[in-house]
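The values are calculated or read from the model by the stated rules, or taken from the named source; none is laboratory data. Everything quoted here is computed from the prediction, not taken from an experiment. All Cβ positions, glycine included, derive from the backbone under ideal geometry; neighbour counts span all protein chains shown. All accessible areas refer to the heavy atoms of the entire protein, side chains included, with ligands and DNA or RNA removed. Shrake-Rupley method; radii C 1.70, N 1.55, O 1.52, S 1.80 Å.
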Amino acid sequence: MVKGKHFSYSFSMEAVMRENNALNRYPTRVLRVITPSEAWNGRKSMVSHMHKFGYLAYAIVPSQQHHKLDDKAKGCIFVGYNIKSKVYRLYNL
């Protein structure tokens, strides 16, 4: 994923964590009906929030940090998910 998007190798760990998160949320041959995440937690996992690694995303700039005619969002690259909360990890261009 890192090489395909022409990123530096400093994003390798982010790519591994994102791919591991994705693999745990899709069914496997061994479990057939349920996902590994569902087998571990006992509840169905959501996949509607999943995005591709390197996806173009926009981060909202708080109103205190921009003026009237400034941009209200900054262009970023999606690199993964936060482990402890429902927050995307973005790299500011």
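None of S37, S63, S48 is over 21 Å from S8 (Cα atoms), polar (S, T, N, Q) and at pLDDT 80 or above except S63. Pairing residues of segment 65-93 that are touching a residue at least 60 places away in the same chain (Cβ under 8 Å) with residues that are part of a strand (DSSP E or B) and of a type in the set (V, I, T), at Cβ distances under 9 Å and at least 6 apart in sequence or on separate chains, gives R89/V79; Y91/I77; Y91/V79. Of everything in segment 70-84 that is at negative phi and crowded, with 17+ Cβ neighbours inside 10 Å, the residue that is modelled with the lowest pLDDT is Y81.
Whenever a residue of segment 1-16 is closer than 16 Å to H51 by Cβ and open to solvent by less than 40 Å² (accessible area, probe 1.4 Å), its partners that are modelled with pLDDT under 70 and not acidic (D, E), lying with C-beta atoms within less than 8 angstrom and at least six residues away or across chains, give the pairs F11/V2; A15/M1; A15/V2.
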